[in-house]
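One structure is given below, encoded as structure tokens.
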Amino acid sequence: MNDLISRRLKHAREKAGFTQAQLSERLGFKDRQTLAAIEAGQRKILAEELVRAAQALGVDLDYFMDSFRLDGEGRFSWRAKEVSPNLLEQFEDRAGRWIATYLRLGESKGAKTTLLQPTLTLNERSTFENAIAAAEALGQEWALGDVPAIKLEEAIRKHLGALVLHVDVNMRSGVSGAACQVPGLSVILINRNEGEGRRYFDLAHECFHLLTWEQMPPEHSEPIEESYRGKGKHKRVEQLANNFAAALLVPRRVLEPLWQARDGQNINEWLNKTASYFRVTAKALRWRVTNLKWLSKAEEAAIQEDRLTANGRPSKEQRTKPKLFSQEFVQRLRTALAEGGLSVRRAASLLEMTIEDLANLFTSYDLPVPFDL
């Protein structure tokens, strides 16, 4: 508990923009060394000191002791479009509770975590060709087959030990997905309300970040355009991630015969049909073909952006959404409830659900509901 309080205190201080000296003065310490020792876990904070810290930092006391939060532990990178910092902070708090719930329930059962993370030998000086080659090689190593999107999520779980969660995000928020690094666990969050092609592209993009996080830490918030062509270090990282994701989902060895066999087919129709085969967006496929330099000037001119929306399908066509969260997440939650490690009301609160919604969550995974309604 002392380690938790130390981490939360440091996180809240930095978030509030206080230096150790400034907060020490507000807490009545003679110098900043006392606060430094508390944040380092070398000295316990007294109850009255914690109360003053909560008041100075504008948080409640529960903030320092609630283990079902991720404050001060996780590093997030969000794929979002024109989202306000305040809205992103709110959603990060929600996501942190989901991830912390999975972690804490696992810790109580002795679940294994790993500090060893596979990495790609890429850095910000790598070329786009390097990123593409790495993706092609990874697809072969993970045996993703001709349509990698189908097997990618399970491969990420198997080879990276990562948790993949499909979550509900309001489409108007602009949040598409995220990667998160927590000691012992990597996490990918996918907005399940997005279209299929966007979800798979985000999954592949965030996979790149998990594999390159230490040598190329992503920004806290990043754009979601496949054709992103900005400048600067972090924009370069996003370009590498986009090239990697496109090559991973659309292997050249499979794409090239399809391109050669198009036999005069309208370029818009070919992009829509082929993108649907690979489970990607037609716009993402367009940039894949463009980067391969296969498009003639005539074909480039014939492409109509409005015809590529939703891969040419009617806008009213029903979208099939993945199940909420994931099998392993829901199973771990059910075990905790069945064994008394977590109350039903606490679980519903953490997931921001009614008790009836919680029961429906278990039913959706064909799991017995571990409580009476």
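The values are calculated or read from the model by the stated rules, or taken from the named source; none is laboratory data. Computed from a prediction, not measured in an experiment: that's the story for all the values here. Here the Cβ positions follow ideal geometry from the backbone for every residue, glycine too, while neighbour counts run over all protein chains shown.
Of THR335, THR274, THR309, all but one fail to be under 28 Å from ILE190 (Cα atoms), of a type outside the set (Asp, Glu) and surrounded by fewer than 16 Cβ atoms within 10 Å (Cβ to Cβ); the exception is THR309.
So for the stretch 173-188 (the condition being assigned to a helix (DSSP H, G or I), out of contact with any strand residue (DSSP E or B) (no Cβ under 9 Å at 6 or more places or on another chain) and under 27 Å from LEU285 (Cβ atoms)), does at least one residue qualify? No, that holds for no residue. List every residue pair whose Cβ atoms sit under 6 Å apart, with the two residues 6 or more apart in sequence or on different chains, where the first one lies in the stretch 175-193 and is outside the structural domain of HIS205 (by TED's automatic domain parsing) and the second, anywhere, is in a strand (DSSP E or B). Partner pairs satisfying both residue conditions: none exist.
When GLU107, GLU82 are screened for being within 27 Å of GLU328 (Cβ to Cβ) and modelled with pLDDT under 90, only GLU107 passes. Residues considered: ALA179, ALA135. Of these, the only one that is at pLDDT 95 or above, farther than 29 Å from LEU361 by Cβ and buried (at least 18 other Cβ atoms within 10 Å of the Cβ) is ALA135.
Just checking, does the stretch 139-152 include any residue being closer than 27 Å to THR113 by Cβ and within 10 Å of the chain's Cα centre (by Cα)? Scanning the stretch 139-152 turns up no residue that is closer than 27 Å to THR113 by Cβ and within 10 Å of the chain's Cα centre (by Cα). Residues in the stretch 342-363 that are under 26 Å from the mean Cα position of the chain (by Cα), part of a helix (DSSP H, G or I) and either of a type in the set (Lys, Arg) or more than 15 Å from ARG332 (Cα to Cα) (or both): ARG346, SER349, ASP357, ASN360.
Consider the stretch 339-354 and keep the residues that are buried (at least 17 other Cβ atoms within 10 Å of the Cβ) and either in contact (Cβ under 8 Å) with a residue 12 or more places away in the chain or among the charged types (D, E, K, R) (or both). The one that is farthest from VAL167 (Cα to Cα) is LEU342. Considering only the stretch 21-36, state which residues are farther than 25 Å from ASN86 by Cα and in contact (Cβ under 8 Å) with a residue 12 or more places away in the chain. Answer for the stretch 21-36, where residues must be farther than 25 Å from ASN86 by Cα and in contact (Cβ under 8 Å) with a residue 12 or more places away in the chain: ARG26, LEU27, GLY28, ARG32, LEU35, ALA36. Of the set (1) within 17 Å of THR212 (Cβ to Cβ); (2) touching a Ser or Thr at 6+ places or on another chain (Cβ under 9 Å); (3) not in a loop (DSSP other than H, G, I, E, B), all apply to GLU136 but (2). For the stretch 1-85, the helices (runs of 4 or more DSSP H) that sit wholly inside it and include 3 or more residues that are charged (D, E, K, R) are 2-16, 47-57. For the subset of the stretch 76-118 comprising residues that are over 15 Å from the mean Cα position of the chain (by Cα) and among the acidic types (Asp, Glu), which member is surrounded by the most Cβ atoms within 10 Å (Cβ to Cβ)? Per the criteria, the residue is GLU107.
For the stretch 14-43, the tally of residues that are charged (D, E, K, R), within 17 Å of GLY72 (Cβ to Cβ) and surrounded by fewer than 17 Cβ atoms within 10 Å (Cβ to Cβ) stands at 2.
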